[in-house]
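What follows is a short report on a single structure.
The values are calculated or read from the model by the stated rules, or taken from the named source; none is laboratory data. This one's a predicted model, so the numbers in the text were calculated from it and none came from an experiment. For neighbour counting, all protein chains shown are included, and Cβ atoms are generated from backbone atoms with ideal geometry for every residue, glycine included.
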C-alpha cells in the first residue's frame, strides 16, 4: 500500500513535541511533503532551529 500526501498539500498539521525526537522528525517530513506545520513544544529555540532547517522545502514550519 502506497500512501499519497497529495490530498494534504497546503493543509495545516499540528505536531506536539516538535522540538526533538519523533515530533521533530514527523514535522520535518510533513514540511517536506508540502504541509503547513504548526510545531508546538516547550523549547522555542529548538523549534526555531528546526524552522531554519526546513526553510526552502515544499511546505512551511510555524514554530
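Only one residue in 30, 35, 40 is touching a helix residue (DSSP H, G or I) at 6+ places or on another chain (Cβ under 7 Å) and either without any contact (Cβ under 8 Å) to a residue 24 or more places away in the chain or surrounded by 15 or more Cβ atoms within 10 Å (Cβ to Cβ) (or both). Which one? Among 30, 35, 40, only 35 is touching a helix residue (DSSP H, G or I) at 6+ places or on another chain (Cβ under 7 Å) and either without any contact (Cβ under 8 Å) to a residue 24 or more places away in the chain or surrounded by 15 or more Cβ atoms within 10 Å (Cβ to Cβ) (or both).
Does the range 2-23 hold any residues that are at pLDDT below 95, part of a helix (DSSP H, G or I) and surrounded by 13 or more Cβ atoms within 10 Å (Cβ to Cβ), and which are they? Outline the logic, then answer.
First, the residues of the range 2-23 that are at pLDDT below 95: 2-10.
Keeping just the survivors that are part of a helix (DSSP H, G or I) gives 6-8.
Within the range 2-23, just 8 meets the criteria.
Condition first: out of contact with any strand residue (DSSP E or B) (no Cβ under 6 Å at 6 or more places or on another chain), within 21 Å of residue 4 (Cα to Cα) and assigned to a helix (DSSP H, G or I). Now tell me which residues in the range 25-63 satisfy that. The answer is 25, 28, 29, 32.
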